[in-house]
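Below: one structure, written as structure tokens.
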Amino acid sequence: MTVTISRIYDRYADAQTAVSGLEAAGVPHSDISIVANNSDNWYGNKGKVDRDHDGVDDRAEGAGTGAGIGAGVGGAAGLLAGLGLLAIPGLGPVVAAGWLAATAVGAAAGAATGGIIGALTEAGVSKDEAPLYAEGVRRGGTLVSARVPDADKVRLETILNQSSVNLQDRSSAWQKSGWTGYDPSSEPYTADQVQKERQVYSGNLR
């Protein structure tokens, strides 16, 4: 039996470490996914990425088609070699790779609940937790999800727990500030809003 485990990180670097840890623990690239907020264009500022040497930025290709998310991932390259830019309703611009992002793009076409929530719940994440993960990304975080054998869940969650956000505590803080729930039709956070959000929680900046 396969289960989906997910965590939110305030810093992209911590999410990278989590992905690398899962890969080192034997989780296949195809079963890991990462979705990171890109409202402040931190990824776009890293310069051109042209792994297939066709003269076109691979990230632009992925953003334009909604396809190829995670494409080129294989061998020793790892999941993070397949990062691409795309937009998900309610989240705005994100940098993503893996199965969850690909599913979210497809779900966005007809899912009333929004692409990312539809993708998460389809993968087995509870309807209570899925909106919290989505809101975490919307506010500037990075989501890492993995499909793993139930027997390995506890061992692999230990890897994900390092530097991850306590989602229950965080959502309680959101609610105290007036948040009533994730709304896929709401405006994505701006770069300034993301910056302020990160400063509230330990000032963690990418």
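Modelled label positions at Asp150 and Glu187, each set 7 Å beyond Cα in the direction of Cβ, lie 4.6 nm from each other. Within a 10 angstrom radius of the beta carbon, how do Ser185, Ser126, Ser145 rank from fewest other beta carbons to most? Fewest-to-most Cβ neighbours within 10 Å comes out as Ser185, Ser126, Ser145. Per-peptide packing, taken as the mean over residues of other Cβ atoms within 10 Å, places 84-94, 163-173, 17-27 in the sequence 84-94, 17-27, 163-173 from highest down. Spatially, the stretch 5-28 and the stretch 112-147 are offset by 16 Å when compared through their Cα centroids.
Taking other C-beta atoms within 10 angstrom as a stand-in for reagent exposure, Tyr182, Tyr189 fall in the order Tyr189, Tyr182, fewest first.
Note down the magnitude of the dipole of the stretch 79-190 about its Cα centre, charges +1 on Lys and Arg C-beta and -1 on Asp and Glu C-beta and zero elsewhere, to the nearest 20 debye. Let's see the in-between values first.
Values: 8 positive and 10 negative charges, 30 e Å.
Here the size comes out at about 140 debye.
Each value in this text was obtained by applying a stated rule to the coordinates, not by laboratory testing. What you see is a predicted model; the values in this text were computed from it and never measured. A quick note on method: Cβ atoms are made from the backbone with ideal geometry, for glycine too, and the neighbour counts reach across all protein chains shown.
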